[in-house]
Amino acid sequence: MSEDVPQYLAAHIHDRLADEADELGIRVDIRGDLVYLRGEVATPQQRQRVEAIARDIATGRRIRNEVHVVAVLEPEGEETLS
Amino acid sequence: MISVAAVGDLHVGSDVRGHYRKHLTGIADRADLLLVAGDLTRHGTVAEGRIAADELRDIGVPVVTVLGNHDYHSGAELEIAEVLRDAGVTVLEGNGTVVHCDGTRVGVAGGKGFGGGFAGRCASDFGEPEMKAFVGYTKSFAARLRHSLRSLDDADVRISLTHYSPVKDTLAGEPPEIYPFLGSYLLAEAIDESDVALAVHGHAHKGTEKGVTPGGVRVRNVALPVIQQAYAVYRLSEASGRR
């Protein structure tokens, strides 16, 4: 099973995040039996969805979900380009 | 002086309907126009396009946008552009427009753009048809961008608006291995051939805000995760030009 090979597993998770969650910017790293997910998504639901997809593929491994939800703050300041 | 608000990568969906629009209240007090650097949607469906259109409709300043790769994902890019236009948003795909802001003619030319990489580390128009198609698409877009920027000769200030990046400066933070999928130097080359005051792009969520083309044109990556606010504001004058 290519899922046993960490590099292929990371690539397959990355592919499925693109296919099923439309997230292209999540970095997937495998360290031993830990799967690290890093990046930014728009909502807490999307953060959970990303984790669920990774969990579904990476059976037997633990997931470290370090994905952040992007905070859209009120605009402030400006830059003058002269 | 004109104030240009800019943002990219809104990635709206039904779960965040109306969220972004709340931050646009009062934009007319802060800016003369809003530029959106593509990826308005997540899956590129017409339904998401309608949500994006509702976020940007009647906000009190003109809105000019380009589409991004996500907006092409479902093959509905033409319909998405149409629903945005129906909401009064100007959608550029290789063409240009002039917005009149308080007596200043602001010319904006742009489109989605594409990848290929940066000088010295880039894909070449060589080999298999698939490779030629990849590079050829970017070349053909760059030619249209060049032409559209040049055609804005009656504008007082010229801005380039793309989804993909013209430079690698603003990709810093992204893995270097994926730079060829994030932008192309061909866009910068086209920009550098006109008197452009600012080049705005999105796409690189992990990148950085500020860069400059080899010809000295200021580049700003306004992807929402990069600017971390609803929009950035840049003040430009007719004298704004190369650094």
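The values are calculated or read from the model by the stated rules, or taken from the named source; none is laboratory data. Quantities reported herein were computed from a predicted structural model and do not represent experimental measurements. As a convention, Cβ positions derive from the backbone with ideal geometry for all residues, glycine included, and neighbour counts pool all protein chains shown. What goes into the accessible areas is simple: the full protein's heavy atoms, side chains included, and nothing from ligands, DNA or RNA. Shrake-Rupley method; radii C 1.70, N 1.55, O 1.52, S 1.80 Å.
At-a-glance table
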| read-out | value |
| --- | --- |
| Where A:Tyr36 falls short, out of the listed (1) within 14 Å of chain B (Cβ to nearest Cβ); (2) among the hydroxyl-bearing types (Ser, Thr, Tyr); (3) surrounded by 15 or more Cβ atoms within 10 Å (Cβ to Cβ) | (1) |
| Filter result for B:Leu78 (open to solvent by 60 Å² or more (accessible area, probe 1.4 Å) and more than 11 Å from every other protein chain (Cβ to nearest Cβ)) | yes |
| Per-region count, region A:54-78, residues part of a strand (DSSP E or B) and open to solvent by 30 Å² or more (accessible area, probe 1.4 Å) | 5 |
| Criterion (part of a loop (DSSP other than H, G, I, E, B) and over 20 Å from B:Phe181 (Cβ atoms)) met by exactly one of B:Gly115, B:Gly107, B:Gly88 | B:Gly88 |
| Every residue from region B:155-214 that is polar (S, T, N, Q) and in contact with a Leu (Cβ under 7 Å, 6 or more places away or on another chain) | B:Ser160, B:Thr162, B:Ser165, B:Ser194 |
| Criterion violated by B:Ala5 - all others in (1) surrounded by 23 or more Cβ atoms within 10 Å (Cβ to Cβ); (2) away from every other protein chain (no Cβ under 11 Å) satisfied | (2) |
| Selected residue (criterion: surrounded by the fewest Cβ atoms within 10 Å (Cβ to Cβ)) from residues of region B:225-243 that are facing another protein chain (nearest Cβ under 8 Å) and of a type in the set (Gly, Ala, Ser) | B:Ala239 |
| Candidates B:Val212, B:Val222, filtered to the one that is within 12 Å of chain A (Cβ to nearest Cβ) and buried (at least 21 other Cβ atoms within 10 Å of the Cβ) | B:Val222 |
| Condition met for B:Ala197 (over 22 Å from B:Leu40 (Cβ atoms), among the small types (Gly, Ala, Ser) and open to solvent by 40 Å² or more (accessible area, probe 1.4 Å)) | no |
| Checking A:Gln48 against (1) surrounded by fewer than 16 Cβ atoms within 10 Å (Cβ to Cβ); (2) more than 14 Å from chain B (Cβ to nearest Cβ), the condition it does not meet | (2) |
| Test result for B:Val99, modelled with pLDDT of 95 or more and more than 14 Å from chain A (Cβ to nearest Cβ) | yes |
